[in-house]
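Visitor: After the structure tokens below, expect a handful of questions from me.
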Amino acid sequence: MDTVTIKNLTKKFKEITAIDDLSLKIEKGKVTGLIGSDGSGKTTLIRLIIGLLLPDHGEISVLGLNPETQKDDLNKRIGYMPQKFGLYEDLTVIENLRLYADLKNVPYDFERLLEFTDLKKFQSRLTGALSGGMKQKLGLACVLLGSPEFLLLDEPSVGVDPISRRDLMQMVRDLISPETTVLWSTAYLDEAHSFDTAIVMNQGKVIYHGKPYDLAKTTEEFENKVIDLMGGYRKTSSQIAENYVPKNSDIEYTVVADNLEKVYGDFYAVKNNSFEIKKGEIFGLLGPNGAGKSTSFKMMCGLLKPTGGTARIMGIDITEDPEKARSNLGYMAQKFSLYESLTVKQNLDFFAEIYGIHNIDLKERVDEIIDIFGFSQIKNQKSRDLPLGFKQKLSLACALIHNPPILFLDEPTSGVDAITRREFWNHITSLAQKGVTVLVTTHFMDEAEYCNRISLFYKGETVAIGTPSALKERIHAKNMEEAFMKLILESKK
Amino acid sequence: MKILRALVKKEILQIIRDPSSIIIAFVLPLISILIYMYGINLDFVTVNIGVKNDDNSPDITQLVNSFDHSKYINSEVSDNMSDLTQKLIRSKIKGIVIIPNDFSTNLEQRQSADLMVIADGAEVNTATHLQNYVLQISNQWLATSRYAQQVSPQIVNPQIRTWYNQDSNGYYFILPGSIAITMTLIGILLTALVVAREWERGTMESILSSNVTRMHIVLGKYIPYFILGMFSMIFNLVLCIGVFQVPFHGSYLVLILVSALFLFTSMGIGLLISTILKNQFFASQVSIGIGFLPALLLSGLVFPISSMPEILQYITRILPPRYFITFIESEFMAGTVPSIAIKSSIFLLILGIILFVAVYKNTDMRLTHD
Amino acid sequence: MIEKLKKILALIKKEFIITWMDPKSRGIIVVLPIVQLILFSYAITMEVKNIDVVVVDQDNSFESRELISQFDFSPQFRNIYRVKNMKQMQDKLDNKDANMGLYINNDFSTNITSRIPTDVLIITDGRQTNSAAIVAGYVSQIIADYNQKIAPEKGAKINVITRNWYNPNLEYRWFILTVIVAMLSSVITLILTALSIAREREMGTFDQLIVSPLSSIDILAGKTVPPLVIAMALTCVMTLVVKNFFGMPFEGSIILFLISMLISLLSLVGVGLYISSICRTQQQAILGVITFIMPAVLLSGFISPIEDMPVFLQYLTLLNPVRFFMVLTRGIFLKGMAFADVFMNMIPLIITATITLSFACWSFKKRQN
């Protein structure tokens, strides 16, 4: 018995074909992973399955129902967690749970869910004030209410730290019945590898459907196989780095945080945070959601005023001469924050110009960036309509456009597919070799290996600092993920 | 029912979390009533004028004085015409009264004597008022002056009575009428962003994939803001009747019922804007663009609808405040006039239902790409 | 310096693309005000026309019918309803089927023939006191004319001759057009500016600007110029419509007019940016706009003159850019106001603009906590 049967499904948005003559069966009682490159049509497929979008051609049957005509009946039997997870940020945790319980007509029985999500003590906190990981857990809890027969989760683990990610997975496994079907879209291939079935999509088509274990025995191998399926990644030298013109400066420590501190009332969001980053170094800030990474980040670039300590960029105090300090900076925010109503090219033009690139240089530089990042197809699309992965790509492009000697990247690879992630890191490491200083946060522990040094952050404080290998050695871990978990666990005690 | 209750509860919680909408529901009426009470005066205006008297007869000095004694006019006497003209250009005075040198002679000889008024035509209202004031004041003076016996008596004398408002107190109609303007704005502004917000924040996507029907979504927006709006409406009425002592001759029950109907209609406009545009930025622009000025200028509160060209009179029929102003003025001053109350209610109901259906039809249950 | 200007230019270009490229946005900025300009200028008048009269004629004589026919001939009056008694008259007035009542006693003609002064009862509807007063004025005039007709005796009489400068026929439309242009430009300017920063804050793009090497002044310039240019263009278009479509005379100097519009709009942009800078969300910004624009329009002097307001409110209106904007448009358009007077009216606008813009600029820096 299949939960979903799709025959010859096609969906177009104007000239772009999002789903291209796709046929698919999703087996009942299995956890199916949905993976694929950015813009391959994952979100569109999920929306079509639950009837939020209507197909142009083809048939869909979900739990024996037609989502086009029987959406109301279908809604009662499914649980859907959209990418923006649909929580009301101005409602408290418990209010959100009660709302979704009422909408699904189930009793207020949240004990077990609150237990699992660890949200019990935050019940009356506003959802907007939760950290990213906690929001995801709450979103999942709301979806799990009423034990739906079919769960559809659209990238529930984007921007979630490894510990919370493991919790999310555990939650789903423990809280569903054996008959429940799960369709789980993800960019984390280690996650996908642990599922019963994997569907790999590319350009609106299914290119692999089967047991992940059949494709590859180990996670690393699985990642390589999937990348091969999606067209493969060939490491070429980074054009960005090649064209980079180093700026002469004899400053050794280009980014310095000296006892940074941010207090809200009596709550220390960040406490005596100090580090010095050498020119050409990649410095990783790691830590669970809500540890204070973004707060530190914002203080470093002058978006937040520290309550104590100083941040210096190229030797310039960010609070004293912010304009001059920032002209050395390329910044990529965690949340997509480019102009959604501008096209890709207009965004690039704009950011180039405000960083002082004009006239012929501007045209050259923007064309070059469009070429390197492969934007030529989408350069006239509004950035609002881009898939998440492309938005991240565009953000990185905007941060790099003025050849800054320092890069601040806050979770640059969240929601980005495996190939693009490798491209990103290729650029980052090559730039670092040319002398660019990089401060980066990430939740992908394999990426942490690219960093020269890592500072592990927990509850506003640095709990460990050192090279990746030194950290692994210290706690006797075989990889970064394990090191991360152990170190956090250790500092919890 | 349970689903609807949950949606309403959610919306109420959101209102409480961002109190800006609560503030607006009570602050706007307060500001508006104070302005209409103290800042707007449609009945008479005080006009500053200059008087140039070329007639040396002593009787005429009395006329000059009576201009100054009138409560409608502040006058200054001057012989320097160019000085007065300068003041007129600078809007320091709004008119010049010139008494010609043969004025008293003409009156003496039982003839009509010309009195010259130069008014600032750029301000049409004031100019019209000024002309009437000068006519009234000079005739009053004439009736009591020694030229009175030279005047032939009027045979037909109009006795003018103002019904419903013996003292002709303008506030008695402006204050209740202003409620219509304020409540149109509040009805639109409270609701114009609330659907768009859910689309922008992505919460609509989860709502649409739960057990919610279209009717739930629509009612889930109407009900909570209707409740808030009614509180605001009652606050308006309390200010008007309780604090500013506007006499009320109608029935409170009828007043509340028609007010509720009116609120339902103006909320429909806001929700329709929000539902169609799905974008807070445009929804706010449109709601201010169409919510404020048309309600103020075309609803008949300040400018009479019956004087408009016929086509435009038809256009005003789509404006809910128009019906409400007619109703509320009458309800306050004349008591419940069944035909007016019923007619207004029927029109408001029809408009309200049309808007409700339009909101319902335009509420998307699926995602659309534009 | 040139470098800096280029950056500001980039900001300006971006704002233009955002506000201009979207057809919805263009509709709001261009179509809405032009439609409203035409609609309002035809609709708005203080005159009272199409007055319906309900008559009880107890006399039913030649003389009474003669008097009634005077109303029929007058252009302001429309329908004459004859009813039998006071009760029916009251019904008609209650229901607003008629705007005024005329009651003629049964001794009307006898009195006139015997030259005995006689009263007629005029009832006006106090539910709209301003219309009631105007109607009463018309009636008095009609009856005075009637008196003149039945007894054309000579006697001492004051004849008021009015010359209306700047607007000889007292065209209400000339007055209202200048008001509407100022009002619509003000509303559009505020709409354009008040949401711009609040929206960028909500979207997160404002952080991106702050992190760039732009100074607060640069950002302020980037936010001020585009709405200013758009509002200027719109005001010019509306002025052309007023001048050519409505055929209204333009007495003043074009250059003075442009300068005073620029200053007026600048102060409104300042107010808009100020509102935007203190609001966290678009919802708050829009409520802020309405809390400003409603009093600003009502207290601008067009409905009720400023000199008539309580002293406290008169001082308050010094802060109201819409007031001076209207004075300037009307003054230059109709009266050909000279430089010195224009300048005097600009001072409050310049002060408002300086205060609001500096505050907005300061708030960009401050917003770091």
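Visitor: Checking the structure you have, find out if any residue of region B:164-173 is of a type in the set (A, V, I, L, M, F, W, C) and at pLDDT 85 or above.
Guide: There is no residue in region B:164-173 that is of a type in the set (A, V, I, L, M, F, W, C) and at pLDDT 85 or above.
Visitor: Report whether or not B:L301 is within 14 Å of chain C (Cβ to nearest Cβ) and either more than 30 Å from A:L48 (Cα to Cα) or touching a helix residue (DSSP H, G or I) at 6+ places or on another chain (Cβ under 7 Å) (or both).
Guide: yes
Visitor: Looking at region C:115-126, which of the residues that are free of Cβ contacts under 8 Å to residues at least 24 places away in the same chain and open to solvent by less than 20 Å² (accessible area, probe 1.4 Å) is nearest to the other protein chains (Cβ to nearest Cβ)?
Guide: C:G126
Visitor: On to the next question. Could you list all residues from region A:341-354 that are out of contact with any Leu (no Cβ under 9 Å at 6 or more places or on another chain) and either open to solvent by 30 Å² or more (accessible area, probe 1.4 Å) or more than 8 Å from chain C (Cβ to nearest Cβ) (or both)?
Guide: A:T343, A:K345, A:Q346 - these are the residues of region A:341-354 that are out of contact with any Leu (no Cβ under 9 Å at 6 or more places or on another chain) and either open to solvent by 30 Å² or more (accessible area, probe 1.4 Å) or more than 8 Å from chain C (Cβ to nearest Cβ) (or both).
Visitor: If I ask for residues that are part of a helix (DSSP H, G or I) and either facing chain B (nearest Cβ under 7 Å) or surrounded by fewer than 22 Cβ atoms within 10 Å (Cβ to Cβ) (or both), which ones from region C:264-285 would you list?
Guide: Result: C:I278, C:Q282, C:Q283, C:Q284.
Visitor: Also, quick follow-up: Looking at (1) within 21 Å of the chain's Cα centre (by Cα); (2) open to solvent by less than 10 Å² (accessible area, probe 1.4 Å), which one does B:Y323 not meet, given that it meets all the others?
Guide: In the conditions (1) within 21 Å of the chain's Cα centre (by Cα); (2) open to solvent by less than 10 Å² (accessible area, probe 1.4 Å), B:Y323 misses (2) alone.
Visitor: So, one more: Criterion first (under 13 Å from B:L185 (Cβ atoms) and either in contact (Cβ under 8 Å) with a residue 24 or more places away in the chain or under 20 Å from the mean Cα position of the chain (by Cα) (or both)) does B:L277 satisfy it?
Guide: No: the conditions fail for B:L277.
Visitor: Additional query: How many residues are of a type outside the set (D, E, K, R) and either at the interface with chain B (Cβ under 8 Å from one of its Cβ atoms) or open to solvent by 10 Å² or more (accessible area, probe 1.4 Å) (or both) if we restrict to region C:191-212?
Guide: Final tally of qualifying residues: 8.
Visitor: Give region B:304-323 a look and list any residue that's more than 20 Å from B:I40 (Cα to Cα), more than 8 Å from chain C (Cβ to nearest Cβ) and not aliphatic (A, V, I, L, M), or say none.
Guide: The answer is B:E310, B:Q313, B:Y314, B:R317, B:P320, B:Y323.
Visitor: Give the residues of region C:17-58 that are hydrophobic (A, V, I, L, M, F, W, C), within 14 Å of chain A (Cβ to nearest Cβ) and open to solvent by 60 Å² or more (accessible area, probe 1.4 Å), sorted by residue number.
Guide: C:W20, C:M21, listed by residue number.
Visitor: Can you name the number of the only condition in (1) within 13 Å of chain B (Cβ to nearest Cβ); (2) open to solvent by 10 Å² or more (accessible area, probe 1.4 Å); (3) not aromatic (F, W, Y) that A:L140 fails?
Guide: Among (1) within 13 Å of chain B (Cβ to nearest Cβ); (2) open to solvent by 10 Å² or more (accessible area, probe 1.4 Å); (3) not aromatic (F, W, Y), A:L140 violates only (2).
Visitor: List the strands (runs of 3 or more DSSP E) inside region B:58-158, counting only whole elements, that have at least 1 residues being more than 7 Å from chain C (Cβ to nearest Cβ), of a type in the set (G, A, S) and open to solvent by 20 Å² or more (accessible area, probe 1.4 Å).
Guide: Fully inside region B:58-158 and qualifying: B:73-77.
Residues are listed down the side, and each one gets a yes or a no for (1) in contact with a helix residue (DSSP H, G or I) (Cβ under 9 Å, 6 or more places away or on another chain); (2) in a helix (DSSP H, G or I); (3) open to solvent by 10 Å² or more (accessible area, probe 1.4 Å); (4) facing chain B (nearest Cβ under 10 Å):
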site	(1), (2), (3), (4)
A:R47	yes, yes, yes, yes
A:L52	yes, no, no, yes
A:S61	no, no, yes, no
A:D72	no, yes, yes, yes
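Visitor: While we're looking at this one, here's another question. Residues in region C:43-51: is at least one closer than 30 Å to C:D107 by Cβ and touching a residue at least 40 places away in the same chain (Cβ under 8 Å)?
Guide: yes
Visitor: Something else now. Take B:L193 and decide whether it is more than 25 Å from A:L145 (Cα to Cα) and either more than 18 Å from the chain's Cα centre (by Cα) or more than 10 Å from chain C (Cβ to nearest Cβ) (or both).
Guide: The answer is yes for B:L193.
Visitor: Within region B:327-344, identify whether any single residue is under 26 Å from B:G170 (Cα atoms), open to solvent by 30 Å² or more (accessible area, probe 1.4 Å), more than 11 Å from chain C (Cβ to nearest Cβ) and in contact with a helix residue (DSSP H, G or I) (Cβ under 9 Å, 6 or more places away or on another chain), and answer yes or no.
Guide: Scanning region B:327-344 turns up no residue that is under 26 Å from B:G170 (Cα atoms), open to solvent by 30 Å² or more (accessible area, probe 1.4 Å), more than 11 Å from chain C (Cβ to nearest Cβ) and in contact with a helix residue (DSSP H, G or I) (Cβ under 9 Å, 6 or more places away or on another chain).
Visitor: Name the single residue, out of those in region B:72-110 being within 20 Å of B:P58 (Cβ to Cβ) and of a type in the set (S, T, N, Q), that is modelled with the lowest pLDDT.
Guide: So the residue we want is B:Q109.
Visitor: Okay, next question. Pick out the one residue from C:N106, C:N111 that is more than 7 Å from chain B (Cβ to nearest Cβ) and assigned to a loop (DSSP other than H, G, I, E, B).
Guide: Among C:N106, C:N111, only C:N106 is more than 7 Å from chain B (Cβ to nearest Cβ) and assigned to a loop (DSSP other than H, G, I, E, B).
Visitor: Step by step: first the residues of region B:69-86, then only those that are among the polar types (S, T, N, Q) and in contact with a strand residue (DSSP E or B) (Cβ under 7 Å, 6 or more places away or on another chain), then the one that is nearest to B:D43 (Cα to Cα). Which residue is that?
Guide: B:N74
Visitor: Can you give me the number of residues within region A:103-112 that are of a type outside the set (S, T, N, Q), facing chain B (nearest Cβ under 8 Å) and open to solvent by 10 Å² or more (accessible area, probe 1.4 Å)?
Guide: Final tally of qualifying residues: 1.
Visitor: Right, another one. Quick one: what pairs do we get from region B:87-115, first residue more than 22 Å from B:N48 (Cβ to Cβ), second among the polar types (S, T, N, Q), C-beta under 6 Å, 6+ apart or different chains?
Guide: Every condition considered, the pairs that remain are B:S104/B:S57; B:R110/B:Q150; B:S112/C:N159; B:A113/B:N106; B:D114/C:N159.
Visitor: Now for a different question. Quick check, is B:V258 open to solvent by less than 10 Å² (accessible area, probe 1.4 Å), away from chain A (no Cβ under 14 Å) and of a type outside the set (D, E, K, R)?
Guide: yes
Visitor: For region C:133-175, how many residues meet the condition of being over 30 Å from C:I80 (Cα atoms), among the aromatic types (F, W, Y) and open to solvent by less than 40 Å² (accessible area, probe 1.4 Å)?
Guide: Residues that pass the stated criteria total 1.
Visitor: Which of the numbered conditions does A:L91 fail, given that it passes all the others? Conditions: (1) within 12 Å of another protein chain (Cβ to nearest Cβ); (2) at pLDDT below 90.
Guide: It is condition (2) that A:L91 fails.
A quick yes/no check of all residues on (1) more than 21 Å from B:L293 (Cβ to Cβ); (2) more than 10 Å from chain C (Cβ to nearest Cβ):
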| residue | (1), (2) |
| --- | --- |
| B:I179 | no, yes |
| B:T182 | no, no |
| B:I186 | no, no |
| B:E200 | yes, no |
| B:E205 | yes, yes |
| B:S209 | yes, yes |
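Visitor: Sticking with this one: Hey, which of the helices (runs of 4 or more DSSP H) in region C:286-369, taking only ones fully inside, have at least 2 residues that are open to solvent by less than 10 Å² (accessible area, probe 1.4 Å)?
Guide: In region C:286-369, the matching helices (runs of 4 or more DSSP H) lie at C:321-330, C:339-366.
Visitor: Give the number of residues within region C:93-103 that are more than 7 Å from chain B (Cβ to nearest Cβ), surrounded by fewer than 21 Cβ atoms within 10 Å (Cβ to Cβ) and under 15 Å from B:S330 (Cα atoms).
Guide: Looking only at that region, the number is 1.
The values are calculated or read from the model by the stated rules, or taken from the named source; none is laboratory data. A quick note: this is a predicted structure, and the numbers were derived from the prediction, not measured. For neighbour counting, all protein chains shown are included, and Cβ atoms are generated from backbone atoms with ideal geometry for every residue, glycine included. Protein only, heavy atoms only, side chains kept; ligands, DNA and RNA dropped before computing areas. Shrake-Rupley method; radii C 1.70, N 1.55, O 1.52, S 1.80 Å.
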